[in-house]
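Trainee: Have a look at the structure that comes next, please.
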Amino acid sequence: MSAVSKWEKMLNLDRRWIFLAIGIASIVPFLIGFGMPISTTAEVESIFDYVNGLDKDNAIFIGFDYAPGTQAENTPMGVAVLRHAFHNNVPVFITAYQPLGHGMALGALEYVTNPAIPGFYQSVSFEEWADLREAGITDKDELIASWESDGNALPEGAKGWVFEGRDFAMLGYAPVFSLVILGMTASIENQFPQDANGNPLIEMPMLREHKSLREVDLAFTTSGSSACRSWIVYGREKIGLPVAFGVTAVMATDYYPYIQSGQIIGQMGGLRGAAEYEVLLFENGITETTDKAFTGMDVQSAAHLLIILLIVMGNIAFFAGGFHKKTALKGRG
Amino acid sequence: MKRTVPLMIVMVGGILMMVQYFIPHQYSQAVFTNYTQWAPIVGAFALILGVGSLTRVHSHKIRRKTKNWQYSWAVLIPLYGMPFLAIIWPQSLAGGMDSPSIFHFFFMHIQVPIQSTMFSLLAFYIASAAFRAFRAKSALATILLLAAVIVMIGQVPIGEIFGRWLPETGLWILRYPNLAAKRAIMLGVGFGILATNLKIIFGVERNWLGGAGK
Amino acid sequence: MRKNWIGIPALMILLLLPALSVAQGVDENLTPVDDNLSTVVTEDSIAATLTELQPVAEEQLEEPDPGLDVSGAITVLDKDNDAGDQLLVSFELPADTEGIYAYNVYRRIAGEEGEDAWNLVEVIPADKLPEFIDGYDPDYPISPGVLYEYRIASVTVDDEEFFGSICKAEVVPEGEIYHTGKTRVLIAGGLFMFLIFYYFGKAQKGTKMYLRPIAGIQAIDEAIGRATEMGKPILYVPGLSYIEDVATIASLTILGRVAKKIAQYQTPLMVPNRDPIVYTIADEVVKQAYLEAGRPDAYDPDSVFFLTTSQFAFVAGVNGLMMREKPATNFYLGMFWAESLLLAETGSLSGAIQIAGTDAVTQLPFFITTCDYTLIGEELYAASAYLGREPKQIGAVKGQDACKAIIMGFITLALALAIIDIAAGTHTLDWVRQVITMPIVD
């Protein structure tokens, strides 16, 4: 076999070998877990600092504006901000830009309130605390005191109580969501008379305190498409609503202009962005451990190294085989 | 007539919305509010047409027993089965969309993993495409290649082993050269959008109405 | 602006008068404006106020308790650039703010009587500026052309209210017919539109205009020919976005021209769609193209079809088509997101000639890597002009170039200003930037 044919063979490597290598590079670090440290960037710190400055008198929107396909990257972002908001008692309106996002939002909320997962928040449904609400007890501190004096004890391992209608409202999906955002600049209740569980929004204390997007302090949208732009166009540009993005790594470079122009507070780009937020939550004592995104970064490290190795191999074969002297070689596997 | 009327509607609608942007008056806002109320309704009717199309195409395949016609059942059964489970099936028999229900089970255990798998293929395809296409053929291609390597390593924790300069350089590339190139393309795109919109509003571009025009 | 200013001593007396009348059981007829001063909005607070004030009234001859000081004059202005649904309300703070926790701002339609007519429209914490925009609360909207009255209560930490005088607004809210904040947009938009129309006209008069050749567009014919020779279908994906996305519209215009050529060659065509509205238009476009090509009989109603609205389910569907039907040519023109590489790499795997075009900058590297030809950014919009070679279409492309030249001029100017600022220590560029990028917020 001549040297040239060896290089040619290398260049025409069956792509299934590459797929196998990527598969191994993804699975092995996931099982071993190196836990390499992650430094945080200004783009993510700015979102963290902003949310950290909010309290029970503020309110935020978290938009789960993605389909299940990108959940590995987008869900940890939504979960991290949700945990942060719950920790600071900031009421959260949860929405979805597309029908499948509704399921993603439900999944994230269930994850944060699941007693089987460490650092969970004990959820109290809208009906369960109806008596207290009717008695006019809506302030978070008073609510907790009254709720616990009624004989309810915070389960072991729980980080706190979250009351549906006071701490969160699962609004979910509505058709043509960009126009829904526009409508919510005037009234949230007009767009969502009921939440996803059929509870009337008008009876929710958090809605009474934050009737429109003008009274909301942040819209954090996590997305795998340009759905997040709608929050800029109809929220930020129309009424000055502060907006922050959490986008997939493939999309991340698209939105740097919005950071520089000051139209968004910050951006979490891909799993790395979510991992940075998890690190910030951990370092500030808001969570006791980091979560899935941080674990996933080991996988990314290995995969990126492998891709670089493949690029180097491809170039060595390309030059050593003398293909650079020939006309364009269109590899078709 | 078949084309003149739609063109007139487009022209009047286009100019109206353009002018409306500059008029905050209540009558102008009423026009806009009306539009925002109509748009979802039109969209909902179009969805019926879409589902009709999908059904027609696949029922044709099944009827004609064309190649791979069996897959068409895999489209049609969930297409009608999932709404049936969500709406019609009684709640007492695990109907509805909320957990626990059959719909929720299918959504969480079939749709979510399948879609995640589709997206995760990206990692495999990126590796394959990078191996085949990323060549240091010229000085410019070499710069591109180096920038890509720096950003890729800088984005992952392992990059910090080489020192803070690597992630910092990666971020610098993203924040400045990347941004400059992106803005240049976005400006061109912006004018392209403006010109295309004007062509449509004033009837210069009619292909979208059907056919290649004259 | 009429100022309904009442001096602090007068206000104290006014506050005490109704308390006296309640204590003495005398139903005194005060002036209409003063009538409401003793009354409060909620029953609880009425009771609280009365309980509080009654003993005070009894003892007032010996040791008067003035309660909280109340705010002074209220200023109501019509807000500019609105639909007549907002008013700017501000008021003078009390001279003595001690004990004041917040200010409750009440509004009613002028002329209405009774406590029920008053609506609490804003609560302003004592440490915030005494001003706000009224009309944002969806429960109590402001109607254009209606005259309103306001009154402000100083509120204690226990929610006890002490009312100031009633102020009738001197203005009624009116909607404006021009948004002055959008003048910059009007000027820039007008200039760019003028340029495009100017080149429309110039092209129509017959001026020859040169268009740089774009390989991707020139390859379209070749790609269609290849599929015809191979007897394999052509796949055309008009992006995954909605019809309001101009990239989708641009793609549909190209589809019209491509479909006309395909109809002439009688090559099978597949157009999967993600959005139902785009599907209906794409269907119409292809049908019309076959009609114009004189081949209406060759049109297959199943060639254009809707797949699913779900992003990755759509990718799975299209990739399945590529692997089963093995189209000879794939067109990906329009808006694409994270799925771009999934589509293009599968197409590459199936051995098809691929022509892509998108204005999604992030996806361009993926297409460039895996497709034979890629239309970058605005080339997608220009493609229709290239294919049609109609004078007006070409004029539009030239108009775009002229617009870009202006922007390039601005960038050069900004660069020069930046250098001058560094040299001279001035901040001219910052000032220009502030003027140009000032947000337009309703």
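The values are calculated or read from the model by the stated rules, or taken from the named source; none is laboratory data. Here the structure is a predicted model, which means the values were calculated and not measured. Note that each Cβ is placed from the backbone with ideal geometry, even for glycine, and that neighbours are counted across all protein chains shown.
Trainee: Looking at segment A:112-149, which of its residues are surrounded by 16 or more Cβ atoms within 10 Å (Cβ to Cβ) and outside any loop (DSSP other than H, G, I, E, B)? Talk me through it step by step, then tell me what you get.
Mentor: Going through segment A:112-149, the residues surrounded by 16 or more Cβ atoms within 10 Å (Cβ to Cβ) turn out to be A:112-113, A:119-124, A:126, A:129, A:132-133, A:137-138, A:140, A:143-144, A:146-147.
Scanning segment A:112-149 gives A:Val112, A:Tyr121, A:Gln122, A:Ser123, A:Val124, A:Leu132, A:Arg133, A:Lys140, A:Leu143, A:Ile144, A:Ser146, A:Trp147.
Trainee: Quick test of your reading of the structure: C:Gln218 fulfils all but one of (1) within 15 Å of C:Ala263 (Cα to Cα); (2) in contact with a strand residue (DSSP E or B) (Cβ under 9 Å, 6 or more places away or on another chain); (3) surrounded by fewer than 17 Cβ atoms within 10 Å (Cβ to Cβ). Name the failing condition by number.
Mentor: For C:Gln218, the exception is condition (1).
Trainee: Give the residues of segment B:159-177 that are part of a loop (DSSP other than H, G, I, E, B) and at pLDDT below 90, sorted by residue number. Spell out the reasoning first.
Mentor: At the first step, the residues of segment B:159-177 found to be part of a loop (DSSP other than H, G, I, E, B) are B:163-164, B:176.
Matches in segment B:159-177: B:Gly163, B:Arg164.
Trainee: Still on this model: For C:Ala423, all conditions in the list (1) under 27 Å from C:Ala188 (Cβ atoms); (2) surrounded by fewer than 24 Cβ atoms within 10 Å (Cβ to Cβ) hold save one; what is the number of the exception?
Mentor: Just one mismatch for C:Ala423, condition (1).
Trainee: Next question, about the same structure. Test C:Ser241 against the criterion of being within 37 Å of the chain's Cα centre (by Cα) and outside any helix (DSSP H, G or I), and give yes or no. Give the steps one after another, and end with the answer.
Mentor: On the way: within 37 Å of the chain's Cα centre (by Cα): yes; outside any helix (DSSP H, G or I): yes.
Spelling it out, C:Ser241 is indeed within 37 Å of the chain's Cα centre (by Cα) and outside any helix (DSSP H, G or I).
Trainee: Please name all residue pairs, on different chains or six or more residues apart, with Cβ atoms under 7 Å, provided the first residue is in segment C:126-147 and is within 17 Å of C:Ile74 (Cα to Cα) and the second residue is among the basic types (Lys, Arg) and in a loop (DSSP other than H, G, I, E, B).
Mentor: Every condition considered, the pairs that remain are C:Ile133/C:Lys79.
Trainee: State which residue is surrounded by the most Cβ atoms within 10 Å (Cβ to Cβ) when the search covers only segment A:260-273 and only residues that are more than 9 Å from chain C (Cβ to nearest Cβ) and either in contact with a strand residue (DSSP E or B) (Cβ under 6 Å, 6 or more places away or on another chain) or outside any helix (DSSP H, G or I) (or both).
Mentor: If we filter segment A:260-273 for residues that are more than 9 Å from chain C (Cβ to nearest Cβ), which is where we start, we get A:260, A:264-273.
Filter once more, so that each one left must be either in contact with a strand residue (DSSP E or B) (Cβ under 6 Å, 6 or more places away or on another chain) or outside any helix (DSSP H, G or I) (or both): A:264-269.
On the way: A:Ile264: 26, A:Ile265: 21, A:Gly266: 24, A:Gln267: 24, A:Met268: 32, A:Gly269: 27.
Per the criteria, the residue is A:Met268.
Trainee: Now, a different point. Considering every residue within segment B:116-129, establish whether at least one is more than 10 Å from every other protein chain (Cβ to nearest Cβ), β-branched (Val, Ile, Thr) and either more than 24 Å from C:Phe366 (Cβ to Cβ) or crowded, with 18+ Cβ neighbours inside 10 Å (or both). I'd like the intermediate steps shown before the answer.
Mentor: So the first thing to find is which residues in segment B:116-129 are more than 10 Å from every other protein chain (Cβ to nearest Cβ), and the list is none.
No, there is no match, as no residue in segment B:116-129 is more than 10 Å from every other protein chain (Cβ to nearest Cβ), β-branched (Val, Ile, Thr) and either more than 24 Å from C:Phe366 (Cβ to Cβ) or crowded, with 18+ Cβ neighbours inside 10 Å (or both).
Trainee: In segment C:224-261, what count of residues is obtained for those that are surrounded by fewer than 22 Cβ atoms within 10 Å (Cβ to Cβ) and away from chain B (no Cβ under 14 Å)?
Mentor: 6
Trainee: Follow-up question, since we're still on this one. Would you confirm, using the coordinates I've provided, whether B:Ala30 is assigned to a helix (DSSP H, G or I), facing chain C (nearest Cβ under 10 Å) and either of a type in the set (Ser, Thr, Tyr) or within 15 Å of C:Asp85 (Cβ to Cβ) (or both)?
Mentor: Here the answer is yes, as B:Ala30 does meet what is asked.
Trainee: Let me ask something else about it. Taking segment A:166-197 as the search range and keeping residues that are among the charged types (D, E, K, R) and surrounded by 20 or more Cβ atoms within 10 Å (Cβ to Cβ), which one is nearest to the other protein chains (Cβ to nearest Cβ)? Talk me through it step by step, then tell me what you get.
Mentor: Filtering segment A:166-197 down to residues among the charged types (D, E, K, R) leaves A:166-167, A:189, A:195.
Of the ones still in play, those that are also surrounded by 20 or more Cβ atoms within 10 Å (Cβ to Cβ) are A:166-167, A:195.
On the way: A:Arg166: 19, A:Asp167: 20, A:Asp195: 13 Å.
Across segment A:166-197, the extreme among qualifying residues is A:Asp195.
Trainee: Right, another one. Answer yes or no: is there a residue in segment A:45-66 that is among the hydroxyl-bearing types (Ser, Thr, Tyr) and farther than 25 Å from A:Leu182 by Cβ.
Mentor: Step one: of segment A:45-66, the residues among the hydroxyl-bearing types (Ser, Thr, Tyr) are A:46, A:50, A:66.
Going one step further and asking which of them are farther than 25 Å from A:Leu182 by Cβ, we end up with A:46.
Taking every residue of segment A:45-66 in turn, at least one turns out to be among the hydroxyl-bearing types (Ser, Thr, Tyr) and farther than 25 Å from A:Leu182 by Cβ.
Trainee: Can you tell me which residues in segment C:140-170 are of a type in the set (A, V, I, L, M) and surrounded by 15 or more Cβ atoms within 10 Å (Cβ to Cβ)? Please lay out each step first, then the result.
Mentor: Start the filter on segment C:140-170 by keeping residues that are of a type in the set (A, V, I, L, M), which leaves C:142, C:146-147, C:152-153, C:155, C:157, C:166, C:169.
Selection gives C:Ile142, C:Ile152, C:Ala153, C:Val155, C:Ile166, C:Ala169.
Trainee: Tell me which of these B:Phe191 doesn't satisfy, since it passes every other one: (1) in a helix (DSSP H, G or I); (2) over 30 Å from A:Tyr111 (Cα atoms); (3) more than 13 Å from chain C (Cβ to nearest Cβ).
Mentor: Here B:Phe191 meets the rest and fails (3).
Trainee: Same structure again: From the list A:Glu237, A:Glu276, exactly one residue is acidic (Asp, Glu), part of a helix (DSSP H, G or I) and farther than 30 Å from B:Ala147 by Cβ. Which is it?
Mentor: Numbers: A:Glu276 fails: farther than 30 Å from B:Ala147 by Cβ.
Residue meeting the stated conditions: A:Glu237.
Trainee: When you scan segment A:214-234, how many residues do you find that are crowded, with 21+ Cβ neighbours inside 10 Å, more than 10 Å from chain C (Cβ to nearest Cβ) and part of a loop (DSSP other than H, G, I, E, B)?
Mentor: Looking only at that region, the number is 1.
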